[in-house]
Every structure is written in structure tokens, then in C-alpha cells.
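A.B. asks: Dropping the structure in here first, questions after.
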Amino acid sequence: MPLPGRAAAPGIITVEKNAEPMLIYLLRRLLYIVPVAIGVSIICFLLVHIAPGDPLTSIMAVDATQEEQAAMRAAYGLDKPLPVQYGIWIGKAVTGDLGESIATGRPVVGEVFNAVRNSLLLAVAASFVAFPVGLILGFLAGYFRDTVVDKAITAVAITGVSLPNYWLGIVLVIVFSVTLGWLPAMGAGPGSSGGSADWAWDWAHIRHLVLPAITLSVVPIGIVARTVRALVGEIFSMDFVQALYAKGLNQGAVLRHVVRNAAPTALSVMGIQLGYLLGGSILIETVFNWPGSGFLLSNAIFQRDLPLLQGTILVLALFFIFANLIVDVAQAAIDPRIKRS
Amino acid sequence: MSEAPLLEIENLHVRFNGERTVHAINGLNLRLQEGEMLGLLGESGSGKSVTLKTLLRLLPPKRAEIDGTIRVNGTDIMTLSGARLSAYRGGDVSMVFQEPALALDPVYTIGDQIAETVMRHKSVGRAEAREVALDMLTRVRIPSPERRLKNYPHEMSGGMRQRAMIALALACRPKLLLADEPTTALDATVQIQILLLLRELQREFGMSIIFVTHDIGVAVEISDRVAVMYAGNVVESGSTRDIIKDARHPYTRGLLAANLHGVDRGTRLDAIAGSPPSLETKPDVCSFAPRCTEAQPQCLRALPPFFAPSPGRQVACNLEEGHSPASNGLTAAPAIA
Ligand SMILES: Nc1ncnc2c1ncn2[C@@H]1O[C@H](COP(=O)(O)OP(=O)(O)O)[C@@H](O)[C@H]1O
Ligand code: SF4
Ligand SMILES: [Mg+2]
């Protein structure tokens, strides 16, 4: 908005708008989340209702009478019109109450947060493996483009991306758990079974992380390596790299410029991969019996546990929205070319 | 007797190997005196950029096969490596590129990019290097230079970016500036401003400039001397005045005719019928023969020798046979007796 008096100073031409301050940008982005979150919650709610089948059949006695069925419906609030059900559900949700699991009777919030915490552990562990390895491989491949190094790394990356990772998980279990007996194949360590959540940073727990984390890291290694390879190769072929040599920079100094140029894109790829890892992998968590959100989701689906399903999806969706926001903000903070407007 | 030239290129050959072989430079000779402004003129693909990049050793060593001698201030630059090569690049000789938008690092500020060069070459601290950067931006007449130091390239206009690029190139006071079509990417009015700026800075700093252009009007306006390139070689060179008044090579004459016959300045040089050779094989006859209206039988038998119609002039054309003394092909500087 042009403020009165601002354009009045004659002879002064403002060449470019100043970028929005970071804090304002952050607040604006946070504000945008509200409508998105409302939309997401409606979709989460409806998705589960659109799916065929009666959520109560699994816990209803086979010979339940009409009256008994109706009573059960009323108890779970399923007899009310959908908008009313949504209103009740979302009203409770904002206070942190997502109802109780039909199957276990425990509060959904607790179950979901334990599961998300476990998936987070796994995702972070997998990222710790995947990102450094992917970045280094990608950088080497891009730097030594079209050489043996590049071809070898590309072959590894493509294999990693195209291998079914649950299959890799099973192979790792057979080798390291069954044959060698080095690492456990199931669960998240002592006290983690049955949905309780006793995690500790000791070897008894961490050893449970190793195989699923490695399995989960293979695809992001491939994707990060491929992206960074293309990125670095592209940057090296740009004119400004030649100009950097022309002004007398040595190899190390030029590499620093290349890394700085590659950073924003590499970061956003890693952000997307992290988001994808955070969602939990149903297959991997099932192979390793890892009590994460993917595992919880698959249980909720198979048991038609309506409140659990809705709650899990809602929390995961919100999680993605925030992960996206964080990546965008970080990218805007480090890349001067992104205009924060 | 004249002093030793600042730059001597003797019998330079550059060949690119790869999917396609390109004989980009074929026996090029060039000399440049201190403080001289040379216009290097030729149509697209004639090897102007390759010549400059060879001078800064910027060609990919694996793909480019280079042969010949290049001496700057008496030093054979083909033997430089490591720290001495880094000190030479940007220190003794520096370059302004055609597209400032592509030649500046997009994620570093202008100030940082200039300061980085200064710190590399002058072993000074950051604060002092930034002082130099500020001084340079002032010298290239960038308005409000303090603010511009903190700008990223994308926050500047094309002309402003090219000024910043010139400031960067001159920050370490090189003896020779290579300007590769520095105004081609700019609007006409901005072009003239940049040309005038280069002229002024050349006087101020006393450096030599090789100014590459495909625009004969620009070359004539700015240079002391002009060298005309065709198919990877200098086919004619001499003082700007001699070239305008008495061009000998049919290619140069064609360029001048196309330019003087009312065509606006800035017109591309393809006003001469035909197109340049592909350079897939090494030329062993006159490369211009297919387009030359005055070609002789011997033009298709061997490379034309060099002639010296007057002191300081060189022409590689058989038409000079019997009119001008033969020459060793070295493009002599004007002062040579
Ligand atoms: N890196 C390279 N690899 C292969 N061929 C090249 C390379 N650089 C330039 N050439 C070729 O060399 C010839 C001269 O190019 P250049 O010097 O860029 O012409 P110009 O006079 O327009 O600046 C062209 O045929 C071009 O295709
Ligand atoms: S040497 Fe022959 S063909 Fe070449 S320019 Fe001169 S006259 Fe034309
Ligand atoms: Mg060029």
C-alpha cells in the first residue's frame, strides 16, 4: 500500500521493494495454516465416513438386537447428523480430546502421540543416516560427472530407490537378526509393546532402531543423491563458476560457492523426505513391528477403529503442514532469491 | 625500439575434442601493448570467447587441446598452475563476461563477491576488502554504493550488474582486462554508458583492454586498434584509423560495407552472404574463400600468407601478393619500426 507522502519526495526512485521482514513472513505463514487446517480436518472426518462398512460391527455382538445397535450408535454419537458429529468431534479436538479408541478404550490422543513419537524417532534416525550419505554421494557424483565414480553412485542410487524396501527389511532381518543374531528384529525395545511408550536412550532400546532406520534410509539416500547430483552438475556448468575461477579463486573456494548455491534446493528436498519419513512407513513398521504411526494407522484401519483412525490422520496431516512450513521458512531464510512477499 | 609487449600470443591452436571436433583457434597471433585498447571483432563462432578463455586458462583441460605460446609480461602463462595460476587470474588479467546476470554468483551479495576477490589477491582483512569494494563501486559510478554493496545480483538492473562486474574485475588493478561482449546483453543507451565507462577507467587505471564485439561500429568507436577474426584466426589487424580508411581483407571490407551502407549500428555481422565454416577439420585453405567474391585459384590451394601493407598492419589474403611485403604473421603493435 502506498502510504500518503511516501511517493511525494521528488527525484527519489525506489528501485526495488524491500523484502518483508522474516518475523512478519513467519506470522503470515502461520495465519495461512488456519484455513488449511480446517479444510484438512473436514476431509479427515469425511474420509472415514465415506468408507464403506459399519465401524461398530467389530465390537458389536453378532446377535445384537435393533435396540442394542441403536443404543451403541447413540453411545458413540453416530446417530447424529454428520455436521453435528463433526462439530462435536472438532470441538473436543481443539481441547486435545480425540475420543477413545473403540478397540482398546484408551484415549486416542495418547495413542497417537506415542505412535508419532516412535515414528519421529525412526524418521530422525533414518535421516541421520540418509542425509549425510545422500548429500556426499550426490555431491561426488555431480562433481565427477560422467566418470566411473558418477556411474557407480548412480547405479547404487537407482537400486536404492527401486528396491522394495520392505523386502530389504526382511533380508536385513534374516541376515542380522536370524543368522548373525546381532540385532533384534521386532519392536522398539523393553516396555514398548502394547502401545505403552517406554523409550530410553540406552543400547537396549537403540539397537532396536538400527535395522528399521537403515531400511528406511535407503530410498531417501537414493532420492537425495540423485537430486544433489543433478543440482551440483547444473551449478558447475553455470557461467558464474567460470567467473569464479577467472577472478582467481582456488578449487576449495569455488566448491564453497557451489555448496552455497546448492543448499536451498538440497534443503527442500531433504525437508520433503523428512516429511515423508515422519509420516511413518506402514510397511516398514509392520515388518519390524515398530509401534509408530504407520503401524497404528494400519491397526486402526483393519479394526475399523473410527476415532483412532480420524485422530491419527488428523494429527499426521497437521504434522505435514507444519513440516512444510518449516522447510519453506528455512528456505526463505537462506536463499536471497526467494522474495518473501 | 619499442618496449616488450604486455601480451604476446604466438601460433595459438585450440581444438575441442568430444562428440564433435572443433578447430576453434587455428594459428592465431596477437600482440598488445601496455595501455592499449584492442577491439577483437568477428562474427559469432569465430573464436573470440575461446581466445579470451585460453588467456585465462579457463577451458576444460580434458576437452580442449591447446598449442602455442602465450606470454603476459614475459611469463609463459601455459606453464602456470596452483597458487601462481590463481594469482594470475584476477590479479594480472581479469575478465568481464557477456551476461552479468549469469556471471555473478546469485546467492552472494555484490560486496561479498568483490571483497572475496580482494582478500584472495591482496592478503587484506574483511573490513579493508569491503572498503576496496565500496571504492570500486564508486569508481564505476554506481549510485548509493553503500547500499548496493548489500544487494544481491537479482536486485540490480542489467546495466548496474555489468558495472558491478566491472568493479569486481578491476578491484585488484589488473594490467589487462578482457571484456567479452560486455554490452551485447544490454539496452542501446546502457551500452553506450558502459562503453564510455570502460574508456574512462582504462585511462584512469592505465590498463590494456581487449574488447570483444561482433559489432564493427562499437569496435571502431572504442578501440585504438582492431583485430578481425575469422574461423579461429586474425585475418586483418591494424590501427582503427587504417582499418576504416583502407581495409584490405575482403571480409573486413564486407563488414565495413554492411555497416556503412546505412545499416544501423548493432546489426549482426551476418550481412555478408554465406555462413562461416564448421571448423570440424583444420583449415588448410583460405577459410573465407567460399564467401569471397574475389577468390583466386591459389586461395583454394593453401592458407594465404600474412602481408604487412604498412607498419603495424597485418593481412592474411592472397590479394596482397605483389602489393605488400610478406610478414611473419605477428600482429605488430603500432610502435614497432
Ligand atoms: N567448451 C567448448 N567445447 C566445444 N566447443 C566449443 C567450446 N567452447 C567453444 N566451442 C566452439 O568453438 C568455436 C568458437 O566459439 P567462441 O569462441 O565462443 O565464438 P565467439 O567468437 O562467438 O565468442 C565455436 O564453434 C564453438 O562451438
Ligand atoms: S585469400 Fe583469397 S579467398 Fe581468402 S580472402 Fe583473400 S582473396 Fe578471398
Ligand atoms: Mg563469444
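A.B. asks: Which residue, of A:253, A:263, is over 16 Å from the mean Cα position of the chain (by Cα), closer than 22 Å to residue A:221 by Cβ and within 14 Å of another protein chain (Cβ to nearest Cβ)?
C.D. replies: Answer to the selection: A:263.
A.B. asks: Hey, another quick one. Restricting the search to the range A:129-155, which residues are without any contact (Cβ under 8 Å) to a residue 40 or more places away in the chain and among the hydrophobic types (A, V, I, L, M, F, W, C)?
C.D. replies: The answer is A:136, A:140, A:144, A:148, A:149, A:152, A:155.
A.B. asks: Counting residues that are within 15 Å of the chain's Cα centre (by Cα), which helices (runs of 4 or more DSSP H) fully inside the range B:159-254 reach at least 2?
C.D. replies: Working: elements: B:188-205, B:216-222, B:240-245.
Ranges flagged: B:188-205, B:216-222.
A.B. asks: Evaluate the following for residue B:329: is it at pLDDT below 90, open to solvent by less than 40 Å² (accessible area, probe 1.4 Å) and more than 9 Å from ligand 2 (Cβ to nearest atom)?
C.D. replies: Yes.
A.B. asks: Tell me, please, whether a residue that is farther than 30 Å from residue B:283 by Cβ and either open to solvent by 50 Å² or more (accessible area, probe 1.4 Å) or away from ligand 1 (no atom under 16 Å from the Cβ) (or both) can be found in the range B:92-99.
C.D. replies: There is at least one residue in the range B:92-99 that is farther than 30 Å from residue B:283 by Cβ and either open to solvent by 50 Å² or more (accessible area, probe 1.4 Å) or away from ligand 1 (no atom under 16 Å from the Cβ) (or both).
A.B. asks: Identify the residue in the range A:211-250 that is open to solvent by 10 Å² or more (accessible area, probe 1.4 Å) and among the aromatic types (Phe, Trp, Tyr) and, among all such residues, is nearest to the other protein chains (Cβ to nearest Cβ).
C.D. replies: A:245
A.B. asks: Is it the case, given these coordinates, that residue B:206 is on the phi > 0 side of the Ramachandran plot, within 16 Å of ligand 3 (Cβ to nearest atom) and of a type outside the set (Val, Ile, Thr)?
C.D. replies: Numbers: on the phi > 0 side of the Ramachandran plot: yes; within 16 Å of ligand 3 (Cβ to nearest atom): no; of a type outside the set (Val, Ile, Thr): yes.
Considered against the rule, which asks whether it is on the phi > 0 side of the Ramachandran plot, within 16 Å of ligand 3 (Cβ to nearest atom) and of a type outside the set (Val, Ile, Thr), residue B:206 comes out as no.
A.B. asks: Select, from A:326, A:313, the only residue that is farther than 21 Å from residue A:218 by Cα, within 16 Å of the chain's Cα centre (by Cα), open to solvent by 60 Å² or more (accessible area, probe 1.4 Å) and of a type in the set (A, V, I, L, M).
C.D. replies: Details: A:313 fails: open to solvent by 60 Å² or more (accessible area, probe 1.4 Å).
That would be A:326, the only listed residue that is farther than 21 Å from residue A:218 by Cα, within 16 Å of the chain's Cα centre (by Cα), open to solvent by 60 Å² or more (accessible area, probe 1.4 Å) and of a type in the set (A, V, I, L, M).
A.B. asks: Just to be sure I understand, how many residues within the range B:4-23 are within 16 Å of ligand 3 (Cβ to nearest atom) and basic (Lys, Arg)?
C.D. replies: 0
A.B. asks: Right, here's the next one. Which members of the range B:6-40 meet the condition of being aliphatic (A, V, I, L, M) and touching a His at 6+ places or on another chain (Cβ under 7 Å)? It would help to see each step written out before you state the result.
C.D. replies: Kept after step one, since they are aliphatic (A, V, I, L, M), are these residues of the range B:6-40: B:6-7, B:9, B:12, B:14, B:22, B:24-25, B:28, B:30, B:32, B:37-38, B:40.
Correct list: B:25 only.
A.B. asks: Right, something else. What pairs come out if I take residues in the range B:274-297 that are on the phi > 0 side of the Ramachandran plot and pair them with residues that are open to solvent by 70 Å² or more (accessible area, probe 1.4 Å) whose C-beta lies under 8 Å away, six or more apart or interchain?
C.D. replies: Every condition considered, the pairs that remain are B:274/B:290.
A.B. asks: Can I ask one more? Output the residues belonging to the range A:146-165 that are surrounded by 16 or more Cβ atoms within 10 Å (Cβ to Cβ) and of a type outside the set (A, V, I, L, M).
C.D. replies: A:150, A:154, A:160, A:165
A.B. asks: Shifting gears a bit: Quick one: in the range B:176-207, which of the residues that are away from ligand 1 (no atom under 16 Å from the Cβ) and of a type in the set (Val, Ile, Thr) is surrounded by the fewest Cβ atoms within 10 Å (Cβ to Cβ)?
C.D. replies: B:189
A.B. asks: Considering only helices (runs of 4 or more DSSP H) fully contained in the range B:78-141, which possess at least 1 residues that are within 11 Å of another protein chain (Cβ to nearest Cβ)?
C.D. replies: B:82-88, B:100-103, B:110-122
A.B. asks: Another one. Which fully enclosed helices (runs of 4 or more DSSP H) of the range A:194-304 have 2 or more residues being within 17 Å of residue A:136 (Cβ to Cβ)?
C.D. replies: Because the criterion is at least 2 residues that are within 17 Å of residue A:136 (Cβ to Cβ), the helices (runs of 4 or more DSSP H) in the range A:194-304 that meet it are A:203-236, A:251-278.
A.B. asks: Tell me, which residue of the range B:147-164 that is closer than 14 Å to residue B:191 by Cα and at the interface with chain A (Cβ under 9 Å from one of its Cβ atoms) is surrounded by the most Cβ atoms within 10 Å (Cβ to Cβ)?
C.D. replies: Among those residues, the one meeting the criterion is B:160.
A.B. asks: While we're here: Looking at the range A:265-288, which of its residues are surrounded by fewer than 20 Cβ atoms within 10 Å (Cβ to Cβ) and within 22 Å of residue B:106 (Cβ to Cβ)?
C.D. replies: Scanning the range A:265-288 gives A:265, A:267, A:268, A:271.
A.B. asks: Given the structure, is residue B:115 within 18 Å of the chain's Cα centre (by Cα), open to solvent by less than 10 Å² (accessible area, probe 1.4 Å) and away from ligand 2 (no atom under 16 Å from the Cβ)?
C.D. replies: no
A.B. asks: Specify which of the listed residues (B:26, B:73) is within 16 Å of ligand 2 (Cβ to nearest atom) and more than 9 Å from every other protein chain (Cβ to nearest Cβ).
C.D. replies: It is B:26.
A.B. asks: Can you find, within the range B:47-64, the residue that is nearest to ligand 2 (Cβ to nearest atom) among those that are more than 10 Å from every other protein chain (Cβ to nearest Cβ), open to solvent by 20 Å² or more (accessible area, probe 1.4 Å) and within 12 Å of the chain's Cα centre (by Cα)?
C.D. replies: B:50
A.B. asks: Within the range B:48-58, is even one residue touching a residue at least 40 places away in the same chain (Cβ under 8 Å) and away from ligand 3 (no atom under 16 Å from the Cβ)?
C.D. replies: Checked against the condition, which is being touching a residue at least 40 places away in the same chain (Cβ under 8 Å) and away from ligand 3 (no atom under 16 Å from the Cβ), the range B:48-58 yields no hits at all.
The values are calculated or read from the model by the stated rules, or taken from the named source; none is laboratory data. None of the values given here were measured: they were computed from a predicted structure. Heads up, the Cβs are rebuilt from the backbone with ideal geometry, glycines too, and the neighbour counts pull from every protein chain shown. What goes into the accessible areas is simple: the full protein's heavy atoms, side chains included, and nothing from ligands, DNA or RNA. Shrake-Rupley method; radii C 1.70, N 1.55, O 1.52, S 1.80 Å.
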